[in-house]
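Working notes, structure below.
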Amino acid sequence: MTAPEPQDRAETDDARRLQGLSTELTARVPQLLEAMRSVGTGLELHATLDRICETAARLVGARYAALGVVGEAGGGLSDFVTFGVDPEAARRIGRRPDGHTGLLGELIRHSEPIRLADLTADPRSAGFPPHHPPMRTFLGVPIRVQGEILGNLYLCEKHDGAEFTDHDQHMVRVLATEAGLAIGNARLYEAARQRERWIDGSVAVTTALLSGAGAEDTEEPTGPDDHGQDHDHAEHANTAVHPDFSHHAHHALTVVAEHARRLADSAAGIVMLPTPEGGLEVVAVSSDTSDVSIGTRVPAHSPVVAKLLTGESVHVTDSSTDPRLVSPLSARYGPAMLLPLHSDGRVLGVLVTPRAIGARPFTESERTLATQFASQAALALMMAEAQRDRERLAVFEDRDRIARDLHDLVIQRLYAAGMMLETAQRQSRVPEVRAGVGKAVDELDVTIQEIRTAIFALQQGPAEAPSGLRTRVLREINMAAVPLGFRPTHRFAGAIDSSVGELTGKNLIAALREALSNTFRHARASRIEVTVDANAELPDGTPAVRLSVADDGVGIPEGGRRSGLRNLRRRAESLGGSSEVGPGLAEDGGGTTVIWQAPL
């Protein structure tokens, strides 16, 4: 038969002392039993802590009571609830004790009851913070279950002004035993519910990202949070995302930020992505306030950035005082989890879930669950991105097919119709008919150019940035190669992309398109040279860009249509430039060279 544990001996001694007590204490036994029954009612953790606090105060007639829950790792308090201190006074007091100093720390380190007539005179006392109500008499009793310290009960200021007695201490110790069992059960229940919420949240995020539903459309975690409060306030949260991101990216990042804030019971959910400089930038926020600004950056020299970008989580007890955090955001928050969003060895970004200053720290269980959520969210982001890539590829393939059909079928048929009309025009002897046919041919030319413009738009991705002038010139040349049967040569001179303005560049592309169109329709050329020179000058010395399109074809026949050349000249003159025609590339000067120029 093994010897009883010290805690078991203490509880046995308390029970023996209750036998043969005074009439006054015997009369309080029903009150103790009722208090024990009240403490054991319910499973929600924070409600249980509040109930224990109030019950202990009423049991011994104390004006104030508090209950500090020892953290899972020991060494401090993870939660601290009070009774008797009104909310406004608690707000003025500010940060709650952490259990590392003073009488509260002493109870954690030695876990033996402490009873004092004047706690302010005790050398172990660390004093009170500003705005704290005055307290003198003190009774502190540890809460233990099977030798493990779960927390401590603190009682101050009996209503009759007397000191706490041995009887008070005995009754509170008995109550603390029942409180330990209640806290243990509530912890197990809360851990199970918390794990269920995080799992449900991870599933909701994955479903939302893959289905395309917004954060507001996904099912919220049900049930109260760690403080017994509903999640209804989440519906009124402010969500924002970086304006540079597409709708898909906006949706994905907002979903992750919103669900993380709800699940972690934090003041904000923040998603940060790496910057080219090696730091981090806030790109999505879900918050009850507007404290966090999109675009806020954490510099690369911050001690936490290197850890996060290598896939290591960072947990902070108090962001406002932690020297590792150099961002202006940190001064506004208390406990925080900084979790890398990484999958398959790749860090996509960082998820930050900070709580308000003075809020309870994150437990080890919460840290583990949040880390698992971040990994699942990162995987969901990658899956959603892969799915969107497949969808975009299907769209691009369809757009490419449409562009080919337009070019190979529609334009060719329009071109053939134009050739037949030109033949009919030449054969007609009626001036009105010749004029009407010529107008119809001009309209076909315009239609062909509009279709070509649509083809270029189809070949450019919807989110693609506008191409540089050099790229657009090459694109025109490649497009012209199909009907020509060969690819024109090209040459660039000067800083084409940086020196030519957008308006001039658009008109230059239109002039190139017109010149190439005229060449393959009329010139019957076997060689074409395209030159774009950004170092040219106008006759008056003004810096200019010059486009020349030279061919070795049949040249411009006498009396031939010159509407295209007139269009080129009008474009150039509208910009203050000019357009002219010269000899071509053939050995005898045959062919045509179109020279189009405009000031830079």
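The values are calculated or read from the model by the stated rules, or taken from the named source; none is laboratory data. The model shown is predicted, which means the values in this text are computed figures rather than measured ones. Here the Cβ is made from the backbone with ideal geometry for all residues, glycine too, and neighbour counts use every protein chain on show. With ligands, DNA and RNA removed, areas are computed over all heavy atoms of the protein, side chains included. Shrake-Rupley method; radii C 1.70, N 1.55, O 1.52, S 1.80 Å.
Data for the structure
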quantity: Solvent-accessible surface ranking, highest first, for Phe83, Phe164 at 1.4 angstrom; calculated: Phe83, Phe164
quantity: Coil-residue chymotrypsin sites (Phe, Trp or Tyr not before Pro) of the range 336-445, DSSP, other Cβ within 10 Å capped at 13; calculated: none
quantity: Ranked order, Ile402, Ile143 - accessible area, probe 1.4 Å, largest first; calculated: Ile402, Ile143
quantity: Chain lengthening between Asp540 and Arg521 when straightened (0.36 nm per residue, less Cα-Cα); calculated: 3.4 nm
quantity: Gain in span if fully extended, Ala47 to Val410, counting 0.36 nm per residue against the direct Cα distance; calculated: 123.2 nm
quantity: Label-reachable residues, the range 43-66, where backbone N falls under 19 Å from a point 7 Å from Glu196's Cα toward its Cβ; calculated: 43-48
quantity: GluC sites (Glu not before Pro) within the range 514-600: DSSP coil, no more than 13 neighbouring Cβ in 10 Å; calculated: Glu558, Glu587
quantity: Lys506 accessible area, assembled protein chains, probe 1.4 Å, Å²; calculated: 120 Å²
quantity: Estimated inter-spin distance, Glu277 and Met420, nm [label 7 Å along Cα→Cβ]; calculated: 6.5 nm
quantity: Solvent-accessible surface ranking, highest first, for Tyr64, Tyr189, Tyr333 at 1.4 angstrom; calculated: Tyr189, Tyr64, Tyr333
